[in-house]
Amino acid sequence: MLVGVCDFPGSYAFPPAGYGGIERWLWAVAVGARAAGADVHLIGPGWLEDLEDRWVRKPVRLEDVTAGSLAERELRSAGYDLLVVGHEYPSRPSWVRTWRELDCDVATFQHSPRFQHTSTAFEGDRSRLYCYSPEMVERYAAHSPTPELAVHLGLDEEEPPAVKGQDLVWLGRIDQDKAPHLAVRAAQILGRRIRLVGPVFDQDYVRRYEDVLAADHVEWVGELGGAAKTAAIAEGSVFVYTYARDYVEAGAAVFGESLRAGTPIAGLTWRGGTCAQAALCERTGATVVVDPAADDESAAHALAEAIERASALDPSDVQETGLARFAPANHFKSLAAL
């Protein structure tokens, strides 16, 4: 099987060293495809040039290819069986035109809870959409999505053997949607230290919750990549997951990242059927569902109880389960409908 993994214009490299959700997912697909025995071409100019000694790079984007051009003929002659691409592209006419010329399957994962697809983007056989949670499957039911847990990888993020960590850890973009102030307050309730790992996306949010986020028990780590990022997760005793009441998580990378590192997860949710419930089980973490009408203090106390439950889990058991559940090769096989 020949698989083309397509990049897209953006501010992050392919693969990214730190933050970058869809970019990390596409790299995991490429790694998983190769591990499953497929041949892989990295399509698009965004893929790092220093990958060329180990990967085949095709620095062209399908949406830029003109009909009858040499680039189109070369792509068609390659004989692709499957293209994997960011979720927007099966709804973009210029991309779809070239894809149809290649006469191959296309698969994508829904990484946005709001993007509106064209009615003809997916028919479930040659063009397939995958969604993380029951909540997301319901939102995109018109496109017959397949439930699937997304796997994400960055460069040099191999997981060490699991160990019992010390402080709590929270990782993600720091903004209103991700609501890390709830994790910080839950840690304070328990008398625990917490490390915040990730880039600040919203300075207004940070200022609004400055009293909470600047407390003595909080360590601001900033954005990390590679081995340093993996170590920050692996050294945590519990990964604390939060998000805002009105936010819909399409497919967070942090679940797979944390479980593969052997760090159990305590997840705050505002309803059932979310990514947290899809990703976790009693061997890997604890989730709590809080009424959205409850105030932040009540939510933080509920989250603190989930942290205590997750703290009792065995890191080795968490890692074994995580490595099986979030295996790149198995993820690719699902996307390829193998």
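Residue check: is residue 17 part of a helix (DSSP H, G or I), under 30 Å from residue 233 (Cα atoms) and in contact (Cβ under 8 Å) with a residue 60 or more places away in the chain?
no
Residue 271: of a type outside the set (Asp, Glu), over 18 Å from residue 173 (Cβ atoms), part of a loop (DSSP other than H, G, I, E, B) and touching a residue at least 40 places away in the same chain (Cβ under 8 Å), yes or no? So that I can check it myself, show each step before the final result.
Numbers: of a type outside the set (Asp, Glu): yes; over 18 Å from residue 173 (Cβ atoms): yes; part of a loop (DSSP other than H, G, I, E, B): yes; touching a residue at least 40 places away in the same chain (Cβ under 8 Å): yes.
Answer is yes for this residue.
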Practice task
Hey, can you tell me all the residues within region 32-46 that are surrounded by 20 or more Cβ atoms within 10 Å (Cβ to Cβ) and assigned to a helix (DSSP H, G or I)?
Solution key: 32, 33
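Filter region 137-152 for residues that are under 14 Å from the mean Cα position of the chain (by Cα) and not acidic (Asp, Glu); which is surrounded by the most Cβ atoms within 10 Å (Cβ to Cβ)? Let's see the steps before the verdict.
So the first thing to find is which residues in region 137-152 are under 14 Å from the mean Cα position of the chain (by Cα), and the list is 148-152.
With not acidic (Asp, Glu) added as a condition, the list becomes 149-152.
Values: 149: 19, 150: 27, 151: 29, 152: 27.
Result: 151.
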Handout entry: Extreme residue, surrounded by the most Cβ atoms within 10 Å (Cβ to Cβ), among residues of region 285-303 that are in a loop (DSSP other than H, G, I, E, B) and without any contact (Cβ under 8 Å) to a residue 40 or more places away in the chain
Key = 290
Completion exercise
Among residues of region 9-31 being buried (at least 19 other Cβ atoms within 10 Å of the Cβ) and either of a type in the set (Phe, Trp, Tyr) or at positive phi (or both), the residue modelled with the lowest pLDDT is 19
Practice task
Under 6 Å between Cβ atoms, at least 6 apart or on separate chains: pull out the pairs that start in region 52-75 with a residue that is of a type in the set (Lys, Arg) and end on any residue that is surrounded by 12 or more Cβ atoms within 10 Å (Cβ to Cβ).
Solution key: 57/42; 57/47; 58/41; 58/43; 61/44
Problem - Within region 153-180, considering residues that are closer than 17 Å to residue 209 by Cα, charged (D, E, K, R) and in contact (Cβ under 8 Å) with a residue 40 or more places away in the chain, the one surrounded by the most Cβ atoms within 10 Å (Cβ to Cβ) - result: 178
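The values are calculated or read from the model by the stated rules, or taken from the named source; none is laboratory data. Given the structure is predicted, the values throughout are model-derived calculations rather than measurements. Cβ sites come from the backbone with ideal geometry, for glycine too, and all protein chains shown count toward neighbours.
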